[in-house]
């Protein structure tokens, strides 16, 4: 299944050079074609019913893109966003068990240091990781389903969470420091897309 999912993903960075040089569209027309596409992103998130999820995308240059928050229902949540904004997409999770205001948001770690695309990552392995990327590589496919694991943890004696992809996904830099595998940030994650 992991191979099928990974094969289905088409990173935006792989678009260049997929056609013979004589048939390649001008960069501006290629960008316009990608801009016109939408992608349905379905996140399968078990054991987190009612958790609030927000997808955001920021490359440090273009304005921040953000979906409206949506709650996990029946173990999943689906968003429709422009395909061009899936490159550098980050996912924020607000767990139901965190009931007091916190200074930092929980983000999904798409790849941990030392893991290759397609590697399986369990809870124990995730908790051992010190660096992670919360920036997904993106796709131009009309629909993609991604699995995310969310588990209760504590941080400084307070309820918190760790969220990660149990099958390592394509990602873009940077790799950020984690707190025992939990990717936390007090701001939108800035993703470095190749230009």
* For the subset of the range 45-58 comprising residues that are assigned to a strand (DSSP E or B) and under 14 Å from the mean Cα position of the chain (by Cα), which member is surrounded by the most Cβ atoms within 10 Å (Cβ to Cβ)? -> 57
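The rows are residues; the columns are (1) modelled with pLDDT under 85; (2) loosely packed, with under 15 Cβ neighbours inside 10 Å; (3) within 14 Å of the chain's Cα centre (by Cα).
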residue: 1; (1), (2), (3): yes, yes, no
residue: 5; (1), (2), (3): yes, no, no
residue: 16; (1), (2), (3): yes, yes, no
residue: 29; (1), (2), (3): yes, yes, no
residue: 35; (1), (2), (3): yes, yes, no
residue: 43; (1), (2), (3): no, no, yes
residue: 60; (1), (2), (3): yes, yes, no
residue: 67; (1), (2), (3): no, no, yes
residue: 73; (1), (2), (3): no, yes, no
* In this structure, is residue 160 loosely packed, with under 14 Cβ neighbours inside 10 Å, in contact with a strand residue (DSSP E or B) (Cβ under 7 Å, 6 or more places away or on another chain) and part of a strand (DSSP E or B)? -> no
* **Conditions (1) within 24 Å of residue 39 (Cβ to Cβ); (2) modelled with pLDDT of 95 or more; (3) within 16 Å of the chain's Cα centre (by Cα): number failed by residue 176** => (1)
* Sort through 98, 91, 153 and tell me the only one that's assigned to a loop (DSSP other than H, G, I, E, B), surrounded by 15 or more Cβ atoms within 10 Å (Cβ to Cβ) and in contact with a strand residue (DSSP E or B) (Cβ under 6 Å, 6 or more places away or on another chain). => 98
* Asked: Limited to the range 163-195, what total is found for residues that are under 17 Å from residue 111 (Cβ atoms), in contact with a strand residue (DSSP E or B) (Cβ under 8 Å, 6 or more places away or on another chain) and part of a loop (DSSP other than H, G, I, E, B)?
  -> 14
* Go through the range 89-133 residue by residue and tally those that are free of Cβ contacts under 8 Å to residues at least 60 places away in the same chain, within 22 Å of residue 159 (Cβ to Cβ) and under 12 Å from the mean Cα position of the chain (by Cα). => 2
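The values are calculated or read from the model by the stated rules, or taken from the named source; none is laboratory data. All figures in this text were calculated on a predicted structure; none of them were measured in a lab. Note: ideal-geometry Cβ built from the backbone for every residue, glycine included; neighbour counts use all protein chains shown.
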